[in-house]
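Asks: One structure, as structure tokens, below. Some questions next.
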Amino acid sequence: MVADNSPHLDPDAAQHGGVQSVDRAITVLEILARDGDAGVSEIAEEMGVHKSTASRLLSALDARGMVQQNSERGKYQLGFNILRLASAIPARLSVVREARADLEALVAKFAETVNLAVLRSNYAVNVDQAMGPSTLATQDWIGGLTPLHATSSGKVMLAALSVEARNRILAETGQPAFTAQTITSREDLEQQLLGIAKAGYASVYAELEPGLNAVAVPVHNHRGEVIGSVSISGPAFRFDPEQIPGLLDELKQAGQSISAKMGYTAD
């Protein structure tokens, strides 16, 4: 019987090598996304690999259109196929689905009603809601059209719009008074929106309904655009968003978490 001296590949070793190559390729893409462009030597040094390894990775990514080389500087940058892949993501993302866990976490922590809203037809439309446990919890807002100028969700979205877009919307809807606290002056509203844009949240005190307070933060998409807001609301006698320890920080973190799931990066 002739001994079989032919080399045998270890399946586990081959699998590990494949995973390592994928991990390294992703690292290259992350470096280029962060820095804009980079040369073979820079990438090799940061990754702690030989230049030949970095060069092979870049060549493989270049062949698939994931990176491209700048003919003038010789450095690599992300390729157009990255944009093609990225553009397919938003169509498959549902802000309602992605936000649900964050809404429930806020309810569990603060025991008040949490809403997710989007801008539709000049109004803030609540598309999902997590109810607080109290019998005094606010009403079911899902599907309801709420005015932008008198709600925390609406003000967050108004603050993100251009002056031209705000002019158009408010010219069509006006700023009717719902309570004695509703801001009906355009000048006063504009001043408030400047503060909201700077602070990153909007609070309202009995502006839509007597005895109802609320606070909201924006939700961004992968382009950095504000596509909605997440808010917490409750009866005025127990809910003052500016006075509840940790509430604003937790709400901002929830907004950032939902935004990240929608592809947003602060950079």
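The values are calculated or read from the model by the stated rules, or taken from the named source; none is laboratory data. None of these values were measured; they are calculated from a predicted model. Note that each Cβ is placed from the backbone with ideal geometry, even for glycine, and that neighbours are counted across all protein chains shown.
Asks: Among the residues of the stretch 205-224, are any in the same structural domain as Met157 (by TED's automatic domain parsing), under 28 Å from Ala260 (Cβ atoms), touching a residue at least 24 places away in the same chain (Cβ under 8 Å) and among the hydroxyl-bearing types (Ser, Thr, Tyr)?
Replies: no
Asks: Just the residues that are surrounded by 23 or more Cβ atoms within 10 Å (Cβ to Cβ) and under 22 Å from the mean Cα position of the chain (by Cα), please, taken from the stretch 209-240.
Replies: Ala214, Val215, Ala216, Val217, Pro218, Val219, Gly228, Ser229, Val230, Ser231, Ile232, Ser233 - these are the residues of the stretch 209-240 that are surrounded by 23 or more Cβ atoms within 10 Å (Cβ to Cβ) and under 22 Å from the mean Cα position of the chain (by Cα).
Asks: Only one residue in Ser121, Ser52, Ser71 is loosely packed, with under 14 Cβ neighbours inside 10 Å and at pLDDT 85 or above. Which one?
Replies: Ser52
Asks: Starting from residues that are buried (at least 17 other Cβ atoms within 10 Å of the Cβ) and either at pLDDT below 90 or among the basic types (Lys, Arg) (or both), keep the ones in the stretch 76-99 and report whichever is farthest from Val22 (Cα to Cα).
Replies: Initially, the stretch 76-99 is screened for residues buried (at least 17 other Cβ atoms within 10 Å of the Cβ), giving 76, 78-79, 82, 95, 98-99.
When the remaining residues are screened for being either at pLDDT below 90 or among the basic types (Lys, Arg) (or both), the result is 78-79, 82, 95, 98.
Details: Leu78: 16, Gly79: 17, Ile82: 16, Val95: 29, Glu98: 27 Å.
Filtering first and then ranking leaves Val95.
Asks: Any residue in the stretch 107-130 that's outside any strand (DSSP E or B): show its pairings with residues that are among the polar types (S, T, N, Q) at Cβ separation under 6 Å, as long as the two are six or more apart or on different chains.
Replies: Qualifying pairs under 6 Å: Asn122/Thr173.
Residue-wise test of (1) assigned to a helix (DSSP H, G or I); (2) in contact with a Ser or Thr (Cβ under 6 Å, 6 or more places away or on another chain); (3) of a type in the set (Val, Ile, Thr).
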{"site": "Gln20", "(1), (2), (3)": "yes, no, no"}
{"site": "Arg24", "(1), (2), (3)": "yes, no, no"}
{"site": "Thr27", "(1), (2), (3)": "yes, no, yes"}
{"site": "Arg34", "(1), (2), (3)": "yes, no, no"}
{"site": "Thr53", "(1), (2), (3)": "yes, no, yes"}
{"site": "Arg56", "(1), (2), (3)": "yes, no, no"}
{"site": "Arg73", "(1), (2), (3)": "no, no, no"}
